[in-house]
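Here is the structure we will look at, set down as structure tokens.
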Amino acid sequence: MVNERIRSDRHSVQDDAWLDIVQESDWRRNDGWWAYLTALTMDRPRDIVKLLKCCQRFETGETLTKTGVRQAVADYSAWLYREIGNEIFRELPEYRFALGILARISSRTFGLDTWRSEFAKEEELTSKYRPDQVLEALFDCSVVGMVSRRRTLFKYRTDQLIFDKGASFCVHPGLKSYLAIRP
């Protein structure tokens, strides 16, 4: 879908119109620009388009640059925070407090004991919920994923994924900037 949108906007004749707007050789990671951009999103076309629109504000040339993308990540992360809030609100109206716990933990990965310890400090949540219940709700909405053998597993990628209290957890990469999560 994104490829077709680029092809239409730029009147591209290439099969892979993505190559019209990105210089893959500028990216030193093995997985390239597309993998980096999709990792920040939840693989939803509207999220990818939103991230690309955020990038436009910081780009002066015809192609995406590493600098422009990095500058756009903060805007996109704030947008994703609001989007997730809209989605999770029905299940967890106090989601801001739960995401605040993630910000206080301030680490990309954390264990259940760390979550429980920080959760205990949040009166808005402790009066209504159990810590594991809230973490599982965040997992179900892919705000957090599980870390298994150096891979991150998110519910949006594998719907049948089951919440495992014994796992380590990680914050979705698209939210790291807004929540000020350390790399």
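The values are calculated or read from the model by the stated rules, or taken from the named source; none is laboratory data. No experiment lies behind these values; they were computed from the predicted model shown. Virtual Cβ from ideal backbone geometry, glycine too; neighbours counted across all protein chains shown.
Remarks
- Residue satisfying all of: in segment 39-66; among the β-branched types (Val, Ile, Thr) and out of contact with any Asp or Glu (no Cβ under 9 Å at 6 or more places or on another chain); modelled with the lowest pLDDT among these: Thr60
- All conditions in (1) under 12 Å from the mean Cα position of the chain (by Cα); (2) more than 22 Å from Glu94 (Cβ to Cβ) hold for Lys176, with the sole exception of (2).
- Of the residues making up segment 59-73, those that are more than 14 Å from the chain's Cα centre (by Cα), free of Cβ contacts under 8 Å to residues at least 24 places away in the same chain and surrounded by 17 or more Cβ atoms within 10 Å (Cβ to Cβ) number 2.
- All positions within segment 74-98 that are surrounded by 22 or more Cβ atoms within 10 Å (Cβ to Cβ) and part of a helix (DSSP H, G or I): Tyr76, Ser77, Leu80, Tyr95, Ala98
- Exclusive hit being in the same structural domain as Asp164 (by TED's automatic domain parsing) and in contact with a helix residue (DSSP H, G or I) (Cβ under 8 Å, 6 or more places away or on another chain), set Leu138, Leu51, Leu64: Leu138
- Residue check for Arg149: over 16 Å from the mean Cα position of the chain (by Cα), among the basic types (Lys, Arg), closer than 15 Å to Glu91 by Cα and in the same structural domain as Thr109 (by TED's automatic domain parsing): no
- Pairs are defined by a Cβ separation below 9 Å, a sequence spacing of at least 6 or placement on different chains, a first member in segment 83-101 that is farther than 26 Å from Gly111 by Cβ, and a second member that is of a type in the set (Phe, Trp, Tyr); the pairs so defined are Phe89/Tyr95.
- Members of segment 47-73 found to be in a helix (DSSP H, G or I) and either aliphatic (A, V, I, L, M) or within 24 Å of Leu138 (Cα to Cα) (or both), listed by number: Asp47, Ile48, Val49, Lys50, Leu51, Leu52, Val69, Ala72, Val73
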